[in-house]
1. Going through 221, 208 one at a time, which residue ends up being without any contact (Cβ under 8 Å) to a residue 60 or more places away in the chain, among the polar types (S, T, N, Q) and buried (at least 20 other Cβ atoms within 10 Å of the Cβ)?
2. Residue check, residue 151 against (1) in contact with a helix residue (DSSP H, G or I) (Cβ under 6 Å, 6 or more places away or on another chain); (2) at pLDDT 95 or above; (3) buried (at least 20 other Cβ atoms within 10 Å of the Cβ), all met but one. Which one?
3. Name the residues in region 238-267 that are in a helix (DSSP H, G or I), hydrophobic (A, V, I, L, M, F, W, C) and surrounded by fewer than 21 Cβ atoms within 10 Å (Cβ to Cβ), would you?
4. How many of the residues in region 229-253 are under 15 Å from residue 197 (Cα atoms), out of contact with any Lys or Arg (no Cβ under 8 Å at 6 or more places or on another chain) and not small (Gly, Ala, Ser)?
5. With respect to residue 54, determine if the residue is at pLDDT 95 or above, in a loop (DSSP other than H, G, I, E, B) and touching a strand residue (DSSP E or B) at 6+ places or on another chain (Cβ under 6 Å).
6. Assuming residue 231 fulfils every condition listed in (1) surrounded by 15 or more Cβ atoms within 10 Å (Cβ to Cβ); (2) under 22 Å from residue 44 (Cβ atoms); (3) in contact with a helix residue (DSSP H, G or I) (Cβ under 7 Å, 6 or more places away or on another chain) apart from one, which condition is it?
7. Residue pairs, Cβ under 7 Å, 6 or more apart or interchain, first in region 102-116 and within 23 Å of residue 298 (Cβ to Cβ) and assigned by TED's automatic domain parsing to the domain that holds residue 82, second exposed (fewer than 15 other Cβ atoms within 10 Å of the Cβ) and modelled with pLDDT under 95. List them.
8. Scan region 253-262 and give yes if some residue there is assigned by TED's automatic domain parsing to the domain that holds residue 207 and farther than 30 Å from residue 115 by Cβ, otherwise no.
Amino acid sequence: MTTLVFGHKAPDTDSTGSPLIWAWYLNEIKGIPAQAVLLGDPNTEAAFVLKRWGFETPEIIADVTPGQAVVIVDTNNPAELPPSIGKADIQAIIDHHKLTGGLETKGPIDVVIRPLACTATVMHDLMGADAAKMPEGIKCLMLSCILSDTLEFRSPTTTDHDRAVAEKLAQELGISIVDYAEEMFAAKSDVSAFSDAALLRMDSKEYTVEGKDLRVSVLETTAPKVLLDRKASLMAAMEDVAKEDGADQVLLFVIDILREEATLLVPNDLVKTIAEKSFGVTVSGDTVVLPGVMSRKKQIIPALTL
């Protein structure tokens, strides 16, 4: 049986690239038939990375069949996985997020969750000496994942090890990190073709905070004005997206990569309360700027309270 390798819903660059990286490793190094798949359309940056390095977009699946062998990467949260994940034969989990809980396996498995900025960095370490055997395209994916998740080392999740692996890969590939990251972030910032609802779901994760089900969305960009000019329509779309997705509220953080700050849209009193209690700010309008806030994983989710 072919093992399916996939990350979370609403796949970003790490959740698009890491399945391809690990499927290569299983196929070519371990001799285990494996296929990378996605749980949704890749975001604009991830799509750019695939095209830039000559990869076809992996097959997109909605669910898994009972007994299907799978490796889960870049998440361990059941809410971000296929509906039937509990019936699959989970072989391994490779991640860099907090342990959520709720997954049940048929037997003992390999679980690797490390405090690094990127799943691809974890994979580099797990490969050991075999990492040197990666072909150029796989190395390019790995570099792309690290630069994306660290926001070119600006994110507070960045570790010295993430940086060292990225710099080593860039040197081997002859790629300028500054120039390539600029290309990636330009692709990430081009959202003109997307509806408001699509933007709210593009890079979002589901969390429950004190009984409230929240869809926490982030849009990382070098051109925040393009998104903030759509503020009114984005806020208007939040109610329908929340209702359709079974959430109480959508939170949208527009991350300005260059200024290293987030702007939270504040459509109602619930979000105003969340903003003020979580981040110690005073909200006087329909947005609030959060200086230094760059990471959903490290700075947003741990702070959320009501």
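The values are calculated or read from the model by the stated rules, or taken from the named source; none is laboratory data. The model shown is predicted, which means the values in this text are computed figures rather than measured ones. Every residue, glycine among them, receives a Cβ derived from its backbone with ideal geometry; neighbour counts consider all protein chains shown.
1. 221
2. That leaves (1) as the condition not met.
3. 242
4. Summing the residues that are under 15 Å from residue 197 (Cα atoms), out of contact with any Lys or Arg (no Cβ under 8 Å at 6 or more places or on another chain) and not small (Gly, Ala, Ser) in region 229-253 gives 10.
5. On the way: at pLDDT 95 or above: yes; in a loop (DSSP other than H, G, I, E, B): yes; touching a strand residue (DSSP E or B) at 6+ places or on another chain (Cβ under 6 Å): no.
Against the criterion (at pLDDT 95 or above, in a loop (DSSP other than H, G, I, E, B) and touching a strand residue (DSSP E or B) at 6+ places or on another chain (Cβ under 6 Å)), residue 54 does not qualify.
6. The single condition residue 231 does not satisfy is (3).
7. From residues that are within 23 Å of residue 298 (Cβ to Cβ) and assigned by TED's automatic domain parsing to the domain that holds residue 82, the pairs are 113/99.
8. Scanning region 253-262, I find no residue that is assigned by TED's automatic domain parsing to the domain that holds residue 207 and farther than 30 Å from residue 115 by Cβ, so the answer is no.
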